[in-house]
Amino acid sequence: IRVVPGSTADTAKIEYQGQTKLVAQWEADAALELARGNGRRAVEIYDVILTAFPQYAKAWYNKAVTLQTAMRDFNGALAAYETAERLLPGNLDVLHNKAKLLSEMRRNREALAVYDQVLQSNPNYIKSLEGASALLINTGQPDRAVPFLERAVKIYQNAGKDPYRAQQLLATALTNMGRSKEALKLIDTALGSHPEDDSLWEARGVALSN
């Protein structure tokens, strides 16, 4: 691997196996391989970039996402997220995805701590509101999920967006708390816009059975 310097990593070039490309072009190649379902090749390309630029946080982040979602290499993904986090301290996208990964690894306490870190920095970070809430529901703490989901619904509504996924999660939390009437009201509202959604009908059946 040979580096042709530029003013930044984005404008530098990397020569590898007879090909000389801008870093952005190597990144595009990695994204294309991922789209083709070849996660291993995408990771190899990110490793080429990181050999040339080991402090390039964006490549560490994208490698982590690829390892998590395409390769299901959770330990490798966690190591890559932690490197990205060190290079971009406080970056909410990195932290959110790290929390999501920790949840998949069943490291629930650590995941919730990272979600809390995100939400302390930005209480309206919608993906972490929903991610933390799903984890709280799944770990038997629906009462803690309710205020997060009520906030998420308001954020969607204020932005003119459909809140039905947050409403569905909120309905699940309420059902688990024995508040089935409130849950049914939310589900019926969501079904008004999404009558074809089987998961909403399933949630309605669960609420009715309680």
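The values are calculated or read from the model by the stated rules, or taken from the named source; none is laboratory data. Note that the structure is predicted; figures quoted are calculated from it, not measured. Note that we place each Cβ from the backbone using ideal geometry, even for glycine, and neighbour counts take in every protein chain shown. These accessible areas exclude ligands, DNA and RNA; they are computed on the full protein's heavy atoms, side chains included. Shrake-Rupley method; radii C 1.70, N 1.55, O 1.52, S 1.80 Å.
Just one of the listed residues (Leu129, Leu149) is in contact with a Lys or Arg (Cβ under 7 Å, 6 or more places away or on another chain) and either part of a helix (DSSP H, G or I) or at positive phi (or both), namely Leu129. Filtering the stretch 84-94 to residues that are surrounded by 23 or more Cβ atoms within 10 Å (Cβ to Cβ) and over 9 Å from the mean Cα position of the chain (by Cα) leaves only Ala84.
Within the stretch 166-198, if we keep just the residues that are in contact with a helix residue (DSSP H, G or I) (Cβ under 8 Å, 6 or more places away or on another chain) and open to solvent by 40 Å² or more (accessible area, probe 1.4 Å), the residue that is farthest from Asp143 (Cα to Cα) turns out to be Ser193.
Given the structure, is Leu119 more than 11 Å from the chain's Cα centre (by Cα), among the hydrophobic types (A, V, I, L, M, F, W, C) and open to solvent by less than 20 Å² (accessible area, probe 1.4 Å)? In short, yes. Has the stretch 53-67 got at least one residue that is without any contact (Cβ under 8 Å) to a residue 24 or more places away in the chain, surrounded by fewer than 17 Cβ atoms within 10 Å (Cβ to Cβ) and not basic (Lys, Arg)? Yes, some residue in the stretch 53-67 is without any contact (Cβ under 8 Å) to a residue 24 or more places away in the chain, surrounded by fewer than 17 Cβ atoms within 10 Å (Cβ to Cβ) and not basic (Lys, Arg). Criterion applied to Thr20, Thr8 was being open to solvent by 60 Å² or more (accessible area, probe 1.4 Å) and in a strand (DSSP E or B), and the one residue passing it is Thr20.
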